[in-house]
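Engineer: Below: one structure in structure tokens.
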Amino acid sequence: MLKLRDLWISDVEKLVELEAKLLGETIGSEMLANEARNPLAKFIVATYAKQVIGYIGGWVVADELEIINFVIDPGYWHQGIGQKMFNRLIEDAKTKGAKTICLEVKENNQRAVNFYTLQGLKKVRVRKNYYHDGKDAIVMMKELL
Ligand SMILES: CC(C)(COP(=O)(O)OP(=O)(O)OC[C@H]1O[C@@H](n2cnc3c(N)ncnc32)[C@H](O)[C@@H]1OP(=O)(O)O)[C@@H](O)C(=O)NCCC(=O)NCCS
């Protein structure tokens, strides 16, 4: 059964591994562990049958939710789990006063761009050479009602 809960330090190793495998880079164990203690951050972990299968995390700064990262184990894609995690993060951000969502996504990550477009985000600008491999980031935003 799917469960969503806050990030625990004991999740960090598995999540960093998953992120490196799927995205080719990771925010790193130390930073992710720090997020578990950061009052401005909300990092939500998904578990299925008690196994950690992914996370989404963001910061609410002033009135903006900045989504920092989002990964799910490919064995659990296309079941609406991403949608549930995304919705949970947005609901939490709204209670903290967020009025917009903002995120960066790698230019060639079409699956993620599709996902965010489906959630109503729009491409607003490009950040050149944003990633370690020299790829550009597409900045996407949405106003929250
Ligand atoms: C982006 C990501 C988190 C989406 O996770 P997900 O759980 O597959 O998301 P959902 O299932 O909610 O939606 C994904 C697709 O499944 C479809 N879907 C949702 N529920 C479904 C269901 N019950 N049956 C079939 N398809 C379904 C959605 O319509 C969506 O379709 P689309 O991709 O054609 O637009 C996941 O693909 C991922 O981890 N990617 C690699 C990491 C990554 O790129 N992260 C983003 C960094 S910015």
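The numbers here are math on the coordinates, done by the rules we state, and not lab data. Every value quoted in this text rests on a predicted model; they were computed, and no experiment measured them. When we count neighbours, we look across all protein chains shown, and the Cβ atoms used for this are built from the backbone with ideal geometry, even at glycine.
Engineer: Based on other C-beta atoms within 10 Å, arrange Arg88, Arg127 from fewest to most.
Structural biologist: Arg127, Arg88
Engineer: Leaving out same-chain residues fewer than 8 places away, which lysines sit with a Cα under 18 Å from that of Lys3?
Structural biologist: Lys14, Lys42, Lys50, Lys84
Engineer: Moving on. Share of Cα-Cα pairs in the chain beyond 25 Å, in percent?
Structural biologist: 23 percent
Engineer: For Trp8 paired with Gln110, estimate the spin-label separation in nm (one decimal), with each label point 7 Å from Cα along the Cα-to-Cβ line.
Structural biologist: 3.9 nm
Engineer: FRET efficiency for Asn34 and Asp92, Cβ-Cβ distance as r, R0 = 25 Å, nearest 0.05?
Structural biologist: For Asn34 and Asp92, the calculated efficiency is 0.85.
Engineer: Tell me, Phe115, Phe70 in order of fewest to most beta-carbon neighbours within 10 Å?
Structural biologist: Starting with the residue having the fewest Cβ neighbours, the order is Phe115, Phe70.
Engineer: Let me ask you something else. How much FRET efficiency would the formula 1/(1 + (r/R0)^6) give for Ala62 and Leu23, where r is the Cβ-Cβ distance and R0 is 22 Å, rounded to 0.05?
Structural biologist: Taking R0 as 22 Å, the efficiency between Ala62 and Leu23 is 0.20.
Engineer: Moving on. Please give every one of the lysines within straight-line cross-link reach of Lys123, meaning a C-alpha to C-alpha distance under 18 Å, and leave out same-chain neighbours fewer than 8 residues apart.
Structural biologist: Cross-link targets: Lys99, Lys106, Lys135, Lys142.
Engineer: Rank the residues Ser10, Ser29 as a footprinting-exposure proxy: fewest other Cβ atoms within 10 Å of their Cβ go first.
Structural biologist: So the ranking, lowest neighbour count to highest, is Ser10, Ser29.
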